[in-house]
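A short reminder: the numbers here are calculations on the coordinates, not readings from a lab. The shown structure was predicted, so the numbers you read here are calculated from the model rather than taken from an experiment. Every residue, glycine as well, gets a Cβ built from its backbone with ideal geometry; the counts of neighbours run over all protein chains shown.
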Amino acid sequence: MDEPRQAVPCVRGTEQVDPTPSVVTIGNFDGVHRGHQVLLRRTVDGATARGLRSVAVTFDPHPVALLRPELAPPLLQTLDERCRQLRAAGADLVLVLPFTRELAALTPAAFVERVLAGPLQARRVVVGTNFRFGNRAAGDVVTLVQEGEEHGFEVEAVTLLELGGVPISSSAVREHLQAGDVGWARLALGRAPRIAGTVVRGDARGRAIGFPTANLDVPDGLVLPADGVYAGHVELAGVRHPAVVNVGVRPTFDGQRRTVEAHLLDLDLDLYGRQLALDLEHRIRGERRFDGVEALVAQITADAARSRELLT
């Protein structure tokens, strides 16, 4: 039996890369959704068939955050999680290019020389048919093919994957999440959308009414689903536990700040300070104000029962 592929940690900047012939794919890869996964499979398969290194090239920060910060989208995951998933998809190397004004100013030809033809020694480059690169996105797949002819690499352009007639993209996943449609997001990602963060102390209202919750401090800049109640799972020590998750301001208590809190249905542990990941699988309802604590407790009880049904 072949030994499992050993993941190589992410490398930041081309200066840290050993020049080795490679099959390369390039993209922002936010969310590493099913469309990205197709590119990664084509890259890894192509590298394996040729006995070459497989490389995924991504950028940090998101290009829009530098060029048009007022339009910068919230991200689907942290850079560390993106790198982890790219490695898990089989990439031998994940190269993170710091997206600077210098990088943004490179012509398509200069980008190819600086990244693909130099340290990566690309022999094949796999991209989506909508791929653009270089200053002001001047380069496209045709440009890349022309550069490949000069520098000795092939180009494979992969048609965008669709779901229900809609091309799967990071933007589309964000939009569906922000509308509360975790079902579409789950199908597009190939896994449940995840909220991860550190468990912090809250106001203990949940425990006071019989439903203790883990309150998550979610890193800034990450997308959250629409306010509401969701059914999902939390994984602890390799065991998945059903949970009911509330995202919102808790209007019954006149809350002002959006929070994320999870009630584990079969567990009551002290989780303060721990990293926790919530996988959202179903939307139960929107958030709303209740006429007092008694009505709220009755609804949470119903939400918990519904979550059990959906997750069984």
Around VAL249, which amide H atoms from residues at least 5 apart in sequence, or from another chain, sit under 5 Å from its own amide H, with H modelled in the peptide plane? THR259
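Taking R0 as 25 Å, what FRET efficiency do you get between THR312 and ARG289 from their Cβ-Cβ distance, rounded to the nearest 0.05?
After rounding, the FRET efficiency stands at 0.25.
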Ranked packing of 71-83, 30-42, most packed first, by mean Cβ within 10 Å: 30-42, 71-83
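Can you tell me, using C-alpha contacts under 8 Å and at least 6 residues apart, the relative contact order of region 11-161 as a whole percent?
Values: 258 pairs, mean separation 45.6, N = 151.
The normalised contact order for region 11-161 reaches 30 percent.
Please tell me the relative contact order of region 192-311 in percent, rounded to the nearest whole number, where contacts are Cα pairs under 8 Å and at least six residues apart.
On the way: 237 pairs, mean separation 39.9, N = 120.
Relative contact order, region 192-311: 33 percent.
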So, R0 is 41 Å and r is the distance between the beta-carbons of ARG191 and THR301; what FRET efficiency does that work out to, to 0.05? 0.90
Note down the relative contact order for the chain as a percent, whole number, built from C-alpha pairs under 8 angstrom at least six residues apart. 16
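Note the full-extension length gain between ALA88 and ASP203 as 0.36 nm times their separation in residues minus their Cα-Cα distance, in nm to one decimal.
Numbers: separation 115, 0.36 × 115 = 41.40 nm, distance 3.79 nm.
Gain in length upon complete extension: 37.6 nm.
Can you work out the FRET efficiency for the pair VAL142 and VAL166, with r the C-beta to C-beta distance and R0 = 35 Å, to the nearest 0.05? Show your work: numbers first, answer last.
Numbers: r = 26 Å, r/R0 = 0.73.
Efficiency, rounded to the nearest 0.05: 0.85.
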Which of the peptides 18-27, 157-166 is most tightly packed, and how do the rest follow, judged by the mean count of other Cβ atoms within 10 Å per residue? 18-27, 157-166
What is the Cα convex hull volume of region 192-311 when expressed per residue in Å³? 100
Give me log10 I(q)/I(0) at q = 0.07, 0.13, 0.15, 0.16 Å⁻¹ for the chain, Debye formula, one equal scatterer per alpha-carbon, no solvent. -0.33, -0.95, -1.15, -1.25
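Kindly provide the helix-only [θ] at 222 nm of the chain, computed as the sum of -39,500 (n - 2.57) over DSSP H runs of four or more divided by all residues, to the nearest 500 deg cm²/dmol? Intermediate values should be presented prior to the final figure.
On the way: 10 runs with 91 residues, N = 312.
After summing the helix terms and dividing by residue count, I get -8500 deg cm²/dmol.
Please get the size of the charge dipole for the chain, origin at its Cα centre, with Cβ charges of +1 on Lys and Arg and -1 on Asp and Glu, quoted in debye to the nearest 20. Mind dumping the intermediate values first?
Working: 35 positive and 39 negative charges, 42 e Å.
The calculated dipole for the chain is roughly 200 debye.
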Computed over region 1-114, the Cα gyration tensor eigenvalues, each multiplied by 5 and square-rooted, give semi-axes in Å (largest first) of 25, 17, 12
Need one number: nm distance between label points at ASN130 and GLU149, each 7 Å from Cα along Cα→Cβ, rounded to one decimal. 2.7
Mean-position separation - Cα centroids, region 202-251 and region 61-83, in angstrom: 24
